[in-house]
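The values are calculated or read from the model by the stated rules, or taken from the named source; none is laboratory data. None of these values were measured; they are calculated from a predicted model. Note that each Cβ is placed from the backbone with ideal geometry, even for glycine, and that neighbours are counted across all protein chains shown. Please note that ligands, DNA and RNA were not included when accessible areas were found on the heavy atoms of the full protein model with its side chains. Shrake-Rupley method; radii C 1.70, N 1.55, O 1.52, S 1.80 Å.
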Amino acid sequence: MNITRAKLSKGGTLEVAFVDDDGNDVCLKGKNPVHEDFKARLNDLIPYFAELTEQREVPMIDWDNLGSVENEDLLHRISVTGVTVKGFDLDQQCVITGKRTLGTSKTLNLNAPLTGFDPETEPYERCEDLRDAVKALIYEAELYVSEKKWAVVQHEIDFDGNPDDPFAEVNAANEVPVGEAVPA
């Protein structure tokens with residue numbers, strides 16, 4: 001499977017485009033929420049996205065400790081929503097899509113410029129680290145499609161009025177008669 005685009009939808013599901021083994025272009029809109037690992041890989045791309053889109057926080061990023069709390073606090077207004085990958089092998093390039101929340105609480109949608117992964121031809125100094133972060137995201141997208149790696153959704157069970165409710169006849173502790181109480 002050759003994934004060319006992976007995007008987090010507004011509903012928290014995955015929209016993915018890939019070329020299957022027969023050479024067909026396939027677009028898939030998942031109905032299950034993405035796993036937390038996919039969201040973490042999106043967050044790993046935020047520092048690169050900020051740098052490529054020349055955000056004002058870039059000089060303060062701790063590049064030696066990208067997962068630090070300080071970096072999270074610094075970059076909390078910036079998010080990555082997807083990646084598009086073009087080309088093959090060493091000639092691959094990507095466009096990162098994301099947004100910045102403005103002081104007015106409105107969002108500014110941004111696209112990073114097309115950036116290559118080959119340090120021989122790409123002027124971006126962190127292109128190899130970017131490549132690794134993008135490949136980790138693509139890997140999580142592949143797991144979503146092929147291995148059904150989704151988030152576990154916990155549904156609520158409505159016991160109100162259910163005749164099979166095993167706790168329907170239980171008295172609350174303050175309703176127990178005093179004479180039946182066990183001495184301390």
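Points to keep in mind about this one:
- Averaging over all projection directions, the Cα-based convex hull of the stretch 106-145 occupies 4.3 nm² in the image plane.
- Net charge of the neighbourhood of Asp37, taken over other residues with C-beta under 9 Å away and scored Lys/Arg +1, Asp/Glu -1, is +1.
- Each Lys and Arg Cβ is given +1 and each Asp and Glu Cβ -1; about its Cα centre, the stretch 1-101 then shows a dipole of about 660 debye.
- Highest average packing first - 1-8, 45-52, Cβ atoms within 10 Å: 45-52, 1-8
- The order of the peptides 135-142, 108-115 by mean Cβ neighbours within 10 Å, most packed first, is 135-142, 108-115.
- Residues within the reach of a label modelled at Gln92 (point 7 angstrom out along Cα to beta-carbon, backbone nitrogen below 17 Å), restricted to the stretch 11-30, are 16-21.
- Largest-first ordering by accessible area, 1.4 Å probe, given options Trp150, Trp63: Trp150, Trp63
- Extension gain (nm, one decimal) between Ala40 and Asn2, 0.36 nm per residue minus Cα-Cα: 11.6 nm
- All other residues whose Cβ lies under 15 angstrom from that of Asn111 are scored, Lys and Arg at +1 and Asp and Glu at -1, for a net of +3.
- A 1.4 Å probe run over the protein chains yields, for the stretch 21-85, 59 Å² of accessible area per residue, whole-number rounding.
- Global geometry of the stretch 1-132, whether rounded, prolate or oblate, following the gyration tensor of its Cα atoms and the 1.5 cut on a/c: oblate
- At the residue level, Glu36 shows approximately 110 square angstrom of accessible surface with a 1.4 angstrom probe and all protein chains present.
- Estimated dipole of the stretch 53-121 in Debye, rounded to 20 [Cβ of Lys and Arg +1, of Asp and Glu -1, Cα centre]: 600
- Highest average first, the peptides 75-81, 27-33 ordered by how many other beta carbon atoms sit within 10 Å of their residues are 75-81, 27-33.
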